[in-house]
1. With all pairs of different alpha carbon atoms counted, what Kirkwood hydrodynamic radius in Å does region 43-142 show?
2. Compute the signed sum of charges (Lys and Arg +1, Asp and Glu -1) over the other residues within less than 11 Å, Cβ to Cβ, of residue 115.
3. If we sort 121-134, 342-355 on the protection proxy, mean other Cβ atoms within 10 Å, highest first, what's the order?
4. Could you give the length gained by full extension between residue 78 and residue 107, i.e. 0.36 nm per residue of separation minus their alpha carbon distance, to one decimal place?
5. Can you give me the accessible area per residue for region 270-355, using a 1.4 Å probe, in Å²?
6. Which entries in 262/297; 142/171; 135/208; 92/162 show an alpha-carbon gap greater than 20 Å?
7. Given a 1.4 angstrom probe, what's the average accessible area per residue across region 172-228, in square angstrom?
8. Quick one: accessible area per residue over region 67-107, 1.4 Å probe, rounded to a whole number of Å²?
Amino acid sequence: MKKTNAHKTLVTWHANDIARDARVLLRVDVNVPIAHGRVAPYGMHRLRTLVPDVTRLLNRGARIVLIAHRGDPGGRVDPDLSLAPVARALTKVLETPVRFVPHGPGEDAQRVIDRMAPGTIVMLENLRFFPGEEKNSVAFAKALAACGDVFVNNAFGVCHRKHASMVAITKYLPSFAGSLVVQEVTMLSARESHPFVVLLGGAKIQTKIPLIHQLASRADAILFGGGAALTMLYANDHALPVKAPLFTKNKDVAAARSLMQKYASILHMPSDVVVHRGQAIDIGPATIDAYAAILSKARTIFWNGPMGVIESEHGFDGTLALARTIANSRKATTIVGGGETVAFLDEFHLTDCFTHVSTGGGAMLAFLAGDAMPGLDALLS
Ligand code: ADP
Ligand code: MG
(Lines give C-alpha, C1' and ligand atoms only; values in the text may rest on other atoms or scores of the structure.)
(Ligands and ions follow the chains in the order given, each with its own letter.)
Protein backbone atom coordinates (compact mmCIF):
# COMPACT_ATOMS: atom_id res chain seq x y z
CA MET A 1 0.00 0.00 0.00
CA LYS A 2 2.99 2.22 0.31
CA LYS A 3 4.28 4.04 -2.71
CA THR A 4 7.86 2.88 -2.98
CA ASN A 5 10.58 4.12 -5.22
CA ALA A 6 13.30 2.17 -3.48
CA HIS A 7 15.75 0.61 -5.89
CA LYS A 8 17.39 -1.32 -3.10
CA THR A 9 16.15 -4.53 -1.56
CA LEU A 10 16.27 -6.00 1.90
CA VAL A 11 19.04 -8.52 2.47
CA THR A 12 17.35 -11.72 3.59
CA TRP A 13 19.16 -14.73 4.95
CA HIS A 14 19.53 -18.09 3.24
CA ALA A 15 20.77 -21.31 4.76
CA ASN A 16 24.30 -20.84 3.41
CA ASP A 17 24.60 -17.42 5.09
CA ILE A 18 24.48 -19.06 8.46
CA ALA A 19 27.09 -21.68 9.33
CA ARG A 20 25.95 -24.70 11.30
CA ASP A 21 26.14 -23.87 15.02
CA ALA A 22 26.69 -20.16 14.28
CA ARG A 23 25.71 -17.73 17.04
CA VAL A 24 22.76 -15.80 15.63
CA LEU A 25 21.94 -12.52 17.31
CA LEU A 26 18.20 -12.31 16.65
CA ARG A 27 16.56 -8.92 17.34
CA VAL A 28 12.88 -9.44 18.08
CA ASP A 29 9.94 -7.24 19.05
CA VAL A 30 8.41 -8.78 22.16
CA ASN A 31 7.22 -5.58 23.82
CA VAL A 32 4.05 -7.25 25.06
CA PRO A 33 1.70 -6.41 27.94
CA ILE A 34 2.52 -8.29 31.16
CA ALA A 35 0.27 -8.60 34.20
CA HIS A 36 1.21 -10.41 37.42
CA GLY A 37 4.40 -11.73 35.86
CA ARG A 38 2.63 -13.28 32.87
CA VAL A 39 2.23 -12.21 29.26
CA ALA A 40 -1.39 -11.11 28.77
CA PRO A 41 -3.28 -13.50 26.46
CA TYR A 42 -3.62 -10.81 23.81
CA GLY A 43 0.16 -10.36 23.73
CA MET A 44 0.65 -13.91 22.53
CA HIS A 45 0.00 -13.15 18.84
CA ARG A 46 3.20 -11.15 18.71
CA LEU A 47 5.21 -13.97 20.30
CA ARG A 48 3.75 -16.54 17.91
CA THR A 49 4.97 -14.55 14.92
CA LEU A 50 8.54 -15.46 15.93
CA VAL A 51 8.07 -19.20 15.49
CA PRO A 52 8.96 -19.59 11.76
CA ASP A 53 12.40 -17.92 11.87
CA VAL A 54 13.38 -19.46 15.18
CA THR A 55 12.40 -22.91 13.95
CA ARG A 56 14.37 -22.51 10.72
CA LEU A 57 17.43 -21.32 12.61
CA LEU A 58 17.23 -24.10 15.19
CA ASN A 59 16.87 -26.70 12.42
CA ARG A 60 20.11 -25.32 11.06
CA GLY A 61 21.77 -25.96 14.41
CA ALA A 62 22.16 -22.26 15.16
CA ARG A 63 22.71 -20.98 18.67
CA ILE A 64 20.15 -18.20 19.02
CA VAL A 65 20.78 -15.16 21.20
CA LEU A 66 17.51 -13.23 21.43
CA ILE A 67 17.81 -9.50 22.00
CA ALA A 68 14.84 -7.21 22.64
CA HIS A 69 13.42 -4.37 24.70
CA ARG A 70 10.39 -3.85 26.90
CA GLY A 71 8.78 -0.54 27.78
CA ASP A 72 10.75 2.65 28.25
CA PRO A 73 13.11 2.30 31.22
CA GLY A 74 15.18 5.18 29.80
CA GLY A 75 18.63 3.60 30.05
CA ARG A 76 18.25 2.46 33.68
CA VAL A 77 17.58 -0.95 35.22
CA ASP A 78 13.92 -1.33 36.14
CA PRO A 79 13.11 -4.82 37.50
CA ASP A 80 9.44 -4.33 36.56
CA LEU A 81 10.49 -4.20 32.91
CA SER A 82 12.69 -7.31 32.90
CA LEU A 83 12.37 -9.68 29.95
CA ALA A 84 12.31 -12.70 32.30
CA PRO A 85 8.51 -13.23 31.98
CA VAL A 86 8.79 -12.94 28.20
CA ALA A 87 11.49 -15.65 28.12
CA ARG A 88 9.14 -17.91 30.12
CA ALA A 89 6.25 -17.27 27.72
CA LEU A 90 8.51 -17.86 24.71
CA THR A 91 9.56 -21.20 26.15
CA LYS A 92 5.91 -22.25 25.84
CA VAL A 93 5.24 -20.65 22.46
CA LEU A 94 8.42 -22.01 20.86
CA GLU A 95 8.10 -25.37 22.65
CA THR A 96 11.79 -25.28 23.48
CA PRO A 97 13.61 -23.78 26.48
CA VAL A 98 14.53 -20.10 26.26
CA ARG A 99 17.19 -19.55 28.88
CA PHE A 100 17.01 -16.08 30.36
CA VAL A 101 20.34 -14.33 31.01
CA PRO A 102 19.80 -11.48 33.51
CA HIS A 103 22.51 -9.34 31.88
CA GLY A 104 23.05 -7.11 28.91
CA PRO A 105 25.92 -7.75 26.51
CA GLY A 106 29.24 -8.19 28.34
CA GLU A 107 31.38 -10.80 30.07
CA ASP A 108 28.61 -12.41 32.13
CA ALA A 109 26.43 -12.95 29.08
CA GLN A 110 29.44 -14.05 27.07
CA ARG A 111 30.23 -16.86 29.50
CA VAL A 112 26.72 -18.28 29.07
CA ILE A 113 26.77 -17.88 25.29
CA ASP A 114 30.17 -19.59 24.99
CA ARG A 115 28.71 -22.70 26.60
CA MET A 116 25.56 -22.91 24.45
CA ALA A 117 24.92 -26.17 22.61
CA PRO A 118 23.90 -26.00 18.92
CA GLY A 119 20.14 -25.65 18.49
CA THR A 120 19.52 -23.82 21.77
CA ILE A 121 18.23 -20.36 22.71
CA VAL A 122 19.15 -17.73 25.26
CA MET A 123 17.60 -14.31 25.80
CA LEU A 124 19.48 -11.28 27.13
CA GLU A 125 17.96 -8.69 29.49
CA ASN A 126 16.01 -5.63 28.27
CA LEU A 127 18.37 -3.64 26.02
CA ARG A 128 16.81 -0.34 27.09
CA PHE A 129 18.24 -0.85 30.60
CA PHE A 130 21.48 0.37 29.00
CA PRO A 131 21.89 3.97 27.83
CA GLY A 132 23.83 2.96 24.70
CA GLU A 133 20.82 1.27 23.10
CA GLU A 134 18.66 4.32 22.42
CA LYS A 135 21.75 6.46 21.68
CA ASN A 136 22.70 4.09 18.84
CA SER A 137 26.07 3.89 20.57
CA VAL A 138 29.00 2.32 18.75
CA ALA A 139 30.43 0.88 21.97
CA PHE A 140 27.13 -0.77 22.85
CA ALA A 141 26.71 -2.10 19.32
CA LYS A 142 30.21 -3.60 19.46
CA ALA A 143 29.43 -5.26 22.79
CA LEU A 144 26.28 -6.74 21.22
CA ALA A 145 28.18 -7.82 18.13
CA ALA A 146 30.57 -9.78 20.32
CA CYS A 147 27.60 -11.98 21.32
CA GLY A 148 27.00 -13.30 17.79
CA ASP A 149 28.46 -14.28 14.44
CA VAL A 150 25.55 -12.93 12.37
CA PHE A 151 22.73 -10.51 13.04
CA VAL A 152 19.11 -11.09 12.00
CA ASN A 153 16.56 -8.30 12.51
CA ASN A 154 13.04 -9.62 12.91
CA ALA A 155 11.72 -6.62 14.88
CA PHE A 156 9.57 -4.76 12.34
CA GLY A 157 7.83 -2.89 15.16
CA VAL A 158 11.10 -1.16 16.06
CA CYS A 159 12.36 -0.35 12.54
CA HIS A 160 11.38 3.32 12.85
CA ARG A 161 13.92 3.64 15.69
CA LYS A 162 17.59 4.46 15.24
CA HIS A 163 18.85 2.31 18.09
CA ALA A 164 22.08 0.35 18.56
CA SER A 165 20.42 -3.08 18.25
CA MET A 166 18.68 -1.97 15.03
CA VAL A 167 21.18 0.26 13.22
CA ALA A 168 24.72 0.52 14.68
CA ILE A 169 24.96 -3.26 15.12
CA THR A 170 24.72 -3.80 11.34
CA LYS A 171 28.18 -2.22 10.90
CA TYR A 172 29.84 -4.95 12.96
CA LEU A 173 28.15 -8.20 11.86
CA PRO A 174 26.84 -9.67 8.60
CA SER A 175 23.22 -8.51 8.83
CA PHE A 176 19.96 -9.85 7.43
CA ALA A 177 16.24 -9.13 7.52
CA GLY A 178 14.17 -11.88 9.15
CA SER A 179 11.11 -13.29 7.42
CA LEU A 180 8.72 -11.25 9.56
CA VAL A 181 10.34 -7.99 8.47
CA VAL A 182 10.28 -9.11 4.84
CA GLN A 183 6.63 -10.12 5.11
CA GLU A 184 5.61 -6.80 6.69
CA VAL A 185 7.42 -4.78 4.06
CA THR A 186 5.98 -6.89 1.25
CA MET A 187 2.40 -6.71 2.52
CA LEU A 188 2.50 -3.03 3.41
CA SER A 189 4.06 -2.13 0.04
CA ALA A 190 1.68 -4.16 -2.12
CA ARG A 191 -0.34 -2.29 -4.70
CA GLU A 192 -3.98 -2.08 -3.64
CA SER A 193 -6.99 -3.15 -5.72
CA HIS A 194 -10.03 -0.88 -5.77
CA PRO A 195 -12.33 -0.11 -4.09
CA PHE A 196 -9.70 0.56 -1.44
CA VAL A 197 -11.38 1.35 1.88
CA VAL A 198 -9.59 2.61 4.98
CA LEU A 199 -11.13 2.26 8.44
CA LEU A 200 -9.53 4.62 10.90
CA GLY A 201 -10.19 5.02 14.60
CA GLY A 202 -8.26 5.21 17.86
CA ALA A 203 -7.91 7.77 20.56
CA LYS A 204 -6.04 10.66 18.98
CA ILE A 205 -6.07 11.80 15.41
CA GLN A 206 -2.77 13.62 15.92
CA THR A 207 -0.47 10.61 15.42
CA LYS A 208 -2.34 9.60 12.27
CA ILE A 209 -2.53 12.79 10.26
CA PRO A 210 0.51 12.08 8.01
CA LEU A 211 -0.90 8.61 7.35
CA ILE A 212 -4.32 10.00 6.43
CA HIS A 213 -2.69 12.34 3.91
CA GLN A 214 -0.80 9.42 2.37
CA LEU A 215 -3.82 7.14 2.14
CA ALA A 216 -6.34 9.79 1.10
CA SER A 217 -4.65 10.24 -2.26
CA ARG A 218 -5.19 6.56 -3.07
CA ALA A 219 -8.23 5.38 -1.10
CA ASP A 220 -11.81 5.38 -2.41
CA ALA A 221 -13.20 5.89 1.09
CA ILE A 222 -11.86 6.63 4.55
CA LEU A 223 -14.29 5.73 7.34
CA PHE A 224 -13.67 7.51 10.63
CA GLY A 225 -14.50 6.15 14.08
CA GLY A 226 -13.24 6.47 17.64
CA GLY A 227 -11.81 9.63 19.12
CA ALA A 228 -10.37 10.49 15.69
CA ALA A 229 -13.91 10.82 14.30
CA LEU A 230 -14.98 13.01 17.21
CA THR A 231 -12.13 15.39 16.51
CA MET A 232 -13.09 15.49 12.82
CA LEU A 233 -16.74 16.18 13.62
CA TYR A 234 -15.91 18.79 16.24
CA ALA A 235 -13.43 20.58 13.99
CA ASN A 236 -15.93 20.73 11.18
CA ASP A 237 -18.73 22.17 13.30
CA HIS A 238 -20.97 19.13 13.39
CA ALA A 239 -23.38 19.00 16.28
CA LEU A 240 -22.06 16.53 18.86
CA PRO A 241 -24.12 15.04 21.70
CA VAL A 242 -21.12 15.58 23.97
CA LYS A 243 -18.76 18.38 24.91
CA ALA A 244 -15.49 18.93 23.07
CA PRO A 245 -13.98 15.48 22.64
CA LEU A 246 -11.04 14.38 24.69
CA PHE A 247 -7.54 14.85 23.36
CA THR A 248 -8.51 17.59 20.91
CA LYS A 249 -5.84 20.24 20.70
CA ASN A 250 -6.10 23.41 18.62
CA LYS A 251 -3.45 22.04 16.31
CA ASP A 252 -5.55 18.93 15.70
CA VAL A 253 -8.62 21.02 14.96
CA ALA A 254 -6.76 22.92 12.26
CA ALA A 255 -5.38 19.70 10.80
CA ALA A 256 -8.81 18.05 10.87
CA ARG A 257 -10.34 21.03 9.05
CA SER A 258 -7.80 20.97 6.30
CA LEU A 259 -8.23 17.21 5.87
CA MET A 260 -11.96 17.73 5.45
CA GLN A 261 -11.49 20.53 2.92
CA LYS A 262 -9.03 18.55 0.87
CA TYR A 263 -10.67 15.14 0.86
CA ALA A 264 -14.36 15.81 1.63
CA SER A 265 -15.56 13.50 -1.13
CA ILE A 266 -13.99 10.36 0.35
CA LEU A 267 -14.13 11.01 4.10
CA HIS A 268 -17.02 9.40 5.99
CA MET A 269 -18.06 10.39 9.51
CA PRO A 270 -20.30 8.59 12.01
CA SER A 271 -23.96 9.59 11.75
CA ASP A 272 -24.66 8.39 15.29
CA VAL A 273 -22.64 7.67 18.43
CA VAL A 274 -23.19 5.79 21.67
CA VAL A 275 -23.08 8.13 24.67
CA HIS A 276 -22.24 6.76 28.08
CA ARG A 277 -21.85 9.02 31.12
CA GLY A 278 -21.49 12.08 28.92
CA GLN A 279 -18.78 10.55 26.75
CA ALA A 280 -19.17 9.41 23.15
CA ILE A 281 -17.68 5.96 23.54
CA ASP A 282 -18.65 4.15 20.35
CA ILE A 283 -20.09 4.52 16.88
CA GLY A 284 -23.84 3.92 16.74
CA PRO A 285 -25.88 1.24 14.93
CA ALA A 286 -26.68 3.36 11.86
CA THR A 287 -22.97 4.09 11.40
CA ILE A 288 -22.09 0.41 11.81
CA ASP A 289 -24.57 -0.47 9.03
CA ALA A 290 -23.37 2.28 6.71
CA TYR A 291 -19.69 1.39 7.21
CA ALA A 292 -20.36 -2.35 6.86
CA ALA A 293 -22.06 -1.71 3.50
CA ILE A 294 -19.04 0.19 2.20
CA LEU A 295 -16.57 -2.36 3.59
CA SER A 296 -18.41 -5.28 2.03
CA LYS A 297 -17.81 -3.86 -1.46
CA ALA A 298 -14.09 -3.29 -0.94
CA ARG A 299 -11.28 -5.19 -2.65
CA THR A 300 -8.61 -3.86 -0.28
CA ILE A 301 -9.24 -2.89 3.34
CA PHE A 302 -6.76 -1.24 5.66
CA TRP A 303 -7.78 -0.85 9.27
CA ASN A 304 -6.11 0.91 12.18
CA GLY A 305 -7.62 2.05 15.48
CA PRO A 306 -10.69 0.92 17.47
CA MET A 307 -14.09 2.49 16.72
CA GLY A 308 -14.75 3.11 20.41
CA VAL A 309 -13.54 2.67 23.97
CA ILE A 310 -13.02 -1.10 23.61
CA GLU A 311 -11.88 -1.39 27.22
CA SER A 312 -15.45 -0.59 28.34
CA GLU A 313 -18.30 -3.07 28.11
CA HIS A 314 -20.40 -0.25 26.66
CA GLY A 315 -17.87 0.76 24.01
CA PHE A 316 -16.76 -2.25 21.96
CA ASP A 317 -19.81 -3.21 19.87
CA GLY A 318 -18.91 -1.05 16.88
CA THR A 319 -15.34 -2.33 16.75
CA LEU A 320 -16.44 -5.95 17.06
CA ALA A 321 -19.19 -5.63 14.43
CA LEU A 322 -16.82 -4.11 11.87
CA ALA A 323 -14.01 -6.54 12.78
CA ARG A 324 -16.42 -9.37 11.94
CA THR A 325 -17.51 -7.67 8.73
CA ILE A 326 -13.91 -7.36 7.58
CA ALA A 327 -13.01 -10.87 8.79
CA ASN A 328 -15.86 -12.29 6.70
CA SER A 329 -15.09 -10.40 3.52
CA ARG A 330 -14.03 -12.97 0.96
CA LYS A 331 -12.93 -10.84 -1.93
CA ALA A 332 -10.87 -8.24 -0.11
CA THR A 333 -7.22 -8.23 0.88
CA THR A 334 -7.46 -7.21 4.51
CA ILE A 335 -4.63 -5.55 6.39
CA VAL A 336 -4.87 -4.48 10.01
CA GLY A 337 -2.44 -2.96 12.47
CA GLY A 338 -2.07 -1.02 15.70
CA GLY A 339 -1.36 -2.16 19.25
CA GLU A 340 -4.88 -1.92 20.67
CA THR A 341 -6.59 -2.98 17.45
CA VAL A 342 -4.58 -6.20 17.14
CA ALA A 343 -4.92 -6.96 20.87
CA PHE A 344 -8.69 -6.66 20.47
CA LEU A 345 -8.72 -9.04 17.48
CA ASP A 346 -6.57 -11.49 19.40
CA GLU A 347 -9.02 -11.43 22.30
CA PHE A 348 -11.86 -12.39 19.95
CA HIS A 349 -9.72 -14.94 18.05
CA LEU A 350 -10.11 -13.04 14.79
CA THR A 351 -6.45 -12.50 13.83
CA ASP A 352 -6.41 -15.56 11.54
CA CYS A 353 -9.25 -14.11 9.45
CA PHE A 354 -7.14 -11.23 8.11
CA THR A 355 -4.76 -11.35 5.16
CA HIS A 356 -2.11 -9.55 7.16
CA VAL A 357 -1.95 -8.55 10.81
CA SER A 358 0.92 -6.12 11.25
CA THR A 359 3.13 -6.48 14.31
CA GLY A 360 4.11 -2.84 14.06
CA GLY A 361 2.02 -0.14 15.70
CA GLY A 362 4.00 3.08 15.39
CA ALA A 363 6.38 1.43 12.92
CA MET A 364 3.52 0.49 10.60
CA LEU A 365 2.07 4.01 10.73
CA ALA A 366 5.54 5.46 10.04
CA PHE A 367 6.18 3.07 7.15
CA LEU A 368 2.83 3.79 5.50
CA ALA A 369 3.23 7.52 6.00
CA GLY A 370 6.56 7.33 4.15
CA ASP A 371 8.67 8.34 7.16
CA ALA A 372 12.30 7.34 7.61
CA MET A 373 12.81 3.72 8.68
CA PRO A 374 16.44 3.57 9.85
CA GLY A 375 16.15 -0.08 10.92
CA LEU A 376 15.14 -1.08 7.38
CA ASP A 377 17.63 1.21 5.66
CA ALA A 378 20.42 -0.54 7.57
CA LEU A 379 19.35 -3.85 5.97
CA LEU A 380 19.24 -2.66 2.36
CA SER A 381 21.78 -3.54 -0.28
P1 ADP B 1 -3.97 1.40 17.94
O2 ADP B 1 -3.05 1.08 19.11
O3 ADP B 1 -4.72 0.22 17.49
O4 ADP B 1 -3.24 2.12 16.83
P5 ADP B 1 -4.81 3.83 19.21
O6 ADP B 1 -3.65 3.71 20.14
O7 ADP B 1 -4.79 4.91 18.24
O8 ADP B 1 -5.06 2.42 18.47
O9 ADP B 1 -6.15 4.00 20.05
C10 ADP B 1 -6.64 3.02 20.94
C11 ADP B 1 -7.46 3.66 22.01
O12 ADP B 1 -8.45 4.50 21.45
C13 ADP B 1 -8.22 2.65 22.83
O14 ADP B 1 -7.58 2.52 24.09
C15 ADP B 1 -9.62 3.27 22.96
O16 ADP B 1 -10.11 3.32 24.30
C17 ADP B 1 -9.43 4.66 22.43
N18 ADP B 1 -10.68 5.22 21.88
C19 ADP B 1 -11.35 4.79 20.80
N20 ADP B 1 -12.48 5.50 20.64
C21 ADP B 1 -12.53 6.41 21.64
C22 ADP B 1 -13.45 7.43 22.03
N23 ADP B 1 -14.56 7.63 21.35
N24 ADP B 1 -13.15 8.17 23.12
C25 ADP B 1 -12.03 7.93 23.80
N26 ADP B 1 -11.11 6.99 23.51
C27 ADP B 1 -11.36 6.23 22.43
MG1 MG C 1 -2.15 2.31 20.62
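1. Details: mean 1/r = 0.0706 Å⁻¹.
It works out to 14.2 Å.
2. On the way: positive: 63, 99, 111; negative: 114.
Overall, the nearby charge balance is +2.
3. Values: 121-134: 23.0, 342-355: 18.1.
Sorting 121-134, 342-355 by mean packing, highest first, produces 121-134, 342-355.
4. On the way: separation 29, 0.36 × 29 = 10.44 nm, distance 2.08 nm.
The residue 78-residue 107 span can extend by a further 8.4 nm.
5. Values: 3840 Å² over 86 residues.
Value returned for region 270-355: 45 Å² of accessible area per residue.
6. Details: 262/297 24 Å; 142/171 9 Å; 135/208 26 Å; 92/162 31 Å.
With Cα atoms farther than 20 Å apart: 262/297; 135/208; 92/162.
7. Details: 1900 Å² over 57 residues.
In whole numbers, region 172-228 has 33 Å² accessible per residue.
8. Working: 2140 Å² over 41 residues.
For region 67-107, the per-residue accessible area is 52 Å².
The values are calculated or read from the model by the stated rules, or taken from the named source; none is laboratory data. Given the structure is predicted, the values throughout are model-derived calculations rather than measurements. Cβ sites come from the backbone with ideal geometry, for glycine too, and all protein chains shown count toward neighbours. Quick note on the areas: whole protein, heavy atoms, side chains included, nothing else; ligands and nucleic acids left out. Shrake-Rupley method; radii C 1.70, N 1.55, O 1.52, S 1.80 Å.
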